[in-house]
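Undergrad: Have a look at the structure that comes next, please.
The values are calculated or read from the model by the stated rules, or taken from the named source; none is laboratory data. Owing to the predicted nature of the structure, the values given are computational and were not obtained by experimental measurement. Reconstructed Cβ throughout: ideal geometry from the backbone, glycine too, with neighbour counts over all protein chains shown.
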Amino acid sequence: MATSRTIVIAGAGIGGLTAALALAAKGFRIVILEKAERLEEAGAGLQLSPNASRVLIGLGLQTRLAPHVTIPDAVSIMSARSGDEVIRLPLGTNGALRDSAPYWLIHRADLQAALLAQVRQTPAIELRLGCGFEDFAVHAAGVTVGQRHGVAREQEPALALIGADGVWSAVRQQMFPDAQPTFAGLIAWRGTVDARQLPKELTPSRVQLWMGPKAHLVAYPMSAGQQINLVAIMPGAWNRPGWSAPGDAAELRDHFAAARWPGPARSMIGAVGDWRRWALSTMSDGGVWHDAAQGPVALLGDAAHAMLPFAAQGAGMAIEDAAVLAQGLAGSIDDPATIGAGLARYAAMRRARVGRVQRTARQSGQIYHLRGPMALARDLAMTALGPARLQARQDWIYDWKL
């Protein structure tokens, strides 16, 4: 197929695969470069609120995802100070059903598998595993993307390059060498447990958010309720290469015991045998997206705007990025000369919203980790606001659509 219809995507994570499907639906030929020999999604669970599930449903993924998702009826906000539920935010019938878009809880691996299956059934998409992005060179007809497959170096001429290669993006390194992620001083401990291993009274049927001194815990069902996903956030240091490593379960248990967390929270933590620690790093508010001087190249997902996970929107923002990118480039299928304008439009449409989500996530973490009298004041304020008004504060996120 003609080079003028080819877009190269670096990275086959959730954002990259979603972007490939969205762009292919607009008529582009897509080449995905992924340095891993096979796709094995790291991490555990994901919350996909209606702004994200709406995009996935629009791409025809609902049937593939239906057997794997759990739809919660509410979010329970719990206080480690009292051990009680502070407030319950109802998600409504069918999990905050908004224009046929539900709130989904899903294992990352299940989402990636569904995206991958859809990609492999889309003739316009070529996925090259074991083939890593190396560099790009801009020319009058677009961009040539250098890639490495084993010892062989190859080049792919394309209309545009999209860097969806994560928080340590190689594409971003070439585009914006001074724009690097900053370690937030927080570690996310992620683990899962078989739901049958927990007593019924400790098995969350909805999203549970435990707020505590300098830490918080999130627990919810996934894999159609067969597994429970747990994420514990607490301060920590990171002095090793990479951003993910095995975690010592005893260290986590000791931290939460020393902080005098309630028995139910500590019991859930104690039920997990295998933890992984993730260094939380962030990009500047608003992210970095596209520079016309760098040619037809743009960033997407964590490569553009890595954020704290405290608004449960990391994957959601990448999925939104993919939809907006495809819309912004749709006109370039017949007029390749407009590709630069399309990428600039994409960046402009995303910057303010993503920046607001980044700030919201950061502020949420500060609220969750309050101690002493400030924690009591927080709990009383939430109760006074009531479920409807507190939940309405999320409407600007959940109601987003193209």
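Undergrad: Can you name the condition, by its number, that L56 falls short on among (1) at pLDDT below 90; (2) closer than 21 Å to A312 by Cβ?
TA: Among (1) at pLDDT below 90; (2) closer than 21 Å to A312 by Cβ, the lone unmet condition for L56 is (1).
Undergrad: Here's another thing I want to ask about it. Please go through the stretch 282-292 and pick out each residue that is modelled with pLDDT of 95 or more and not charged (D, E, K, R).
TA: T282, M283, S284, G286, G287, V288, W289, H290
Undergrad: For I333, indicate whether it is of a type in the set (V, I, T), under 30 Å from Q112 (Cβ atoms) and buried (at least 21 other Cβ atoms within 10 Å of the Cβ).
TA: When the stated conditions are applied, I333 does not pass them.
Undergrad: Among the residues of the stretch 85-98, is there at least one that is in a loop (DSSP other than H, G, I, E, B) and modelled with pLDDT of 95 or more?
TA: No, the stretch 85-98 contains no residue that is in a loop (DSSP other than H, G, I, E, B) and modelled with pLDDT of 95 or more.
Results for (1) part of a loop (DSSP other than H, G, I, E, B); (2) crowded, with 18+ Cβ neighbours inside 10 Å, shown as yes or no for each residue.
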position: R260; (1), (2): yes, no
position: R276; (1), (2): no, no
position: L280; (1), (2): no, yes
position: V288; (1), (2): yes, yes
position: I319; (1), (2): no, yes
position: A323; (1), (2): no, yes
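Undergrad: Next question, about the same structure. So the check is Cβ under 9 Å with 6+ separation or different chains; which pairs have a first residue in the stretch 383-401 that's in contact (Cβ under 8 Å) with a residue 60 or more places away in the chain and over 13 Å from V357 (Cβ atoms) and a second one that's surrounded by 15 or more Cβ atoms within 10 Å (Cβ to Cβ) and among the polar types (S, T, N, Q)?
TA: If the second residue must be surrounded by 15 or more Cβ atoms within 10 Å (Cβ to Cβ) and among the polar types (S, T, N, Q), the pairs left are D399/N51; K401/N51.
Undergrad: Ok, one more. Given the options A392, A381, A361, A388, name the one that is more than 16 Å from L280 (Cβ to Cβ), modelled with pLDDT of 95 or more and among the hydrophobic types (A, V, I, L, M, F, W, C).
TA: After applying the criteria, what remains is A381.
Undergrad: Within the bounds of the stretch 231-246, is there any residue that is buried (at least 20 other Cβ atoms within 10 Å of the Cβ), on the phi < 0 side of the Ramachandran plot and free of Cβ contacts under 8 Å to residues at least 60 places away in the same chain?
TA: yes
Undergrad: With the requirement that a residue be of a type in the set (A, V, I, L, M), more than 15 Å from R120 (Cβ to Cβ) and surrounded by fewer than 24 Cβ atoms within 10 Å (Cβ to Cβ), what does the stretch 23-45 give you?
TA: A25, A36, A42, A44
Undergrad: Which one of these is surrounded by 15 or more Cβ atoms within 10 Å (Cβ to Cβ), at positive phi and small (G, A, S): G130, G191, G166?
TA: Criteria check complete, one pass: G166.
Undergrad: Right, something else. So which pairs qualify, if the first residue must be in the stretch 284-309 and among the hydroxyl-bearing types (S, T, Y), the second must be in a helix (DSSP H, G or I) and modelled with pLDDT of 95 or more, the Cβ gap must be under 9 Å, and the two must be at least 6 apart or on different chains?
TA: S284/H305; S284/G355; S284/Q358
Condition check ((1) assigned to a strand (DSSP E or B); (2) surrounded by 16 or more Cβ atoms within 10 Å (Cβ to Cβ); (3) in contact with a Phe, Trp or Tyr (Cβ under 6 Å, 6 or more places away or on another chain)) across all residues:
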residue	(1), (2), (3)
L111	no, yes, no
Q118	no, yes, no
R148	yes, yes, no
R153	yes, no, no
I162	yes, yes, no
P177	no, no, no
A184	yes, yes, no
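Undergrad: Also, quick follow-up: Does the stretch 303-325 hold any residues that are in contact with a strand residue (DSSP E or B) (Cβ under 9 Å, 6 or more places away or on another chain) and more than 20 Å from I57 (Cβ to Cβ), and which are they?
TA: A303, A304, H305, A306, M307, L308, P309, F310
Undergrad: Can you find even one residue in the stretch 247-255 that is among the small types (G, A, S) and within 21 Å of R88 (Cβ to Cβ)?
TA: No, the stretch 247-255 has no match at all.
Undergrad: Let me ask another. Could you list, ordered by first residue, the pairs with Cβ atoms under 7 Å in which the first is in the stretch 64-92 and in contact (Cβ under 8 Å) with a residue 12 or more places away in the chain and the second is part of a loop (DSSP other than H, G, I, E, B) and of a type in the set (G, A, S), at least 6 apart or interchain?
TA: Every condition considered, the pairs that remain are P67/A224; H68/S223; H68/A224; T70/A224; T70/G225; I71/G95; P72/G95; D73/G95.
Undergrad: Which residues, counting only those in the stretch 10-68, are of a type in the set (D, E) and part of a strand (DSSP E or B)?
TA: E34
Undergrad: Name every residue in the stretch 330-382 that is under 20 Å from V218 (Cα atoms) and without any contact (Cβ under 8 Å) to a residue 12 or more places away in the chain, in order of residue number.
TA: Q363, Q366
Undergrad: Given (1) in a loop (DSSP other than H, G, I, E, B); (2) over 20 Å from the mean Cα position of the chain (by Cα); (3) exposed (fewer than 15 other Cβ atoms within 10 Å of the Cβ); (4) in contact (Cβ under 8 Å) with a residue 24 or more places away in the chain, identify the lone condition not met by S267.
TA: Just one mismatch for S267, condition (1).
Undergrad: Give just the number: which of (1) modelled with pLDDT under 95; (2) touching a Gly at 6+ places or on another chain (Cβ under 6 Å) does S169 not satisfy?
TA: (1)
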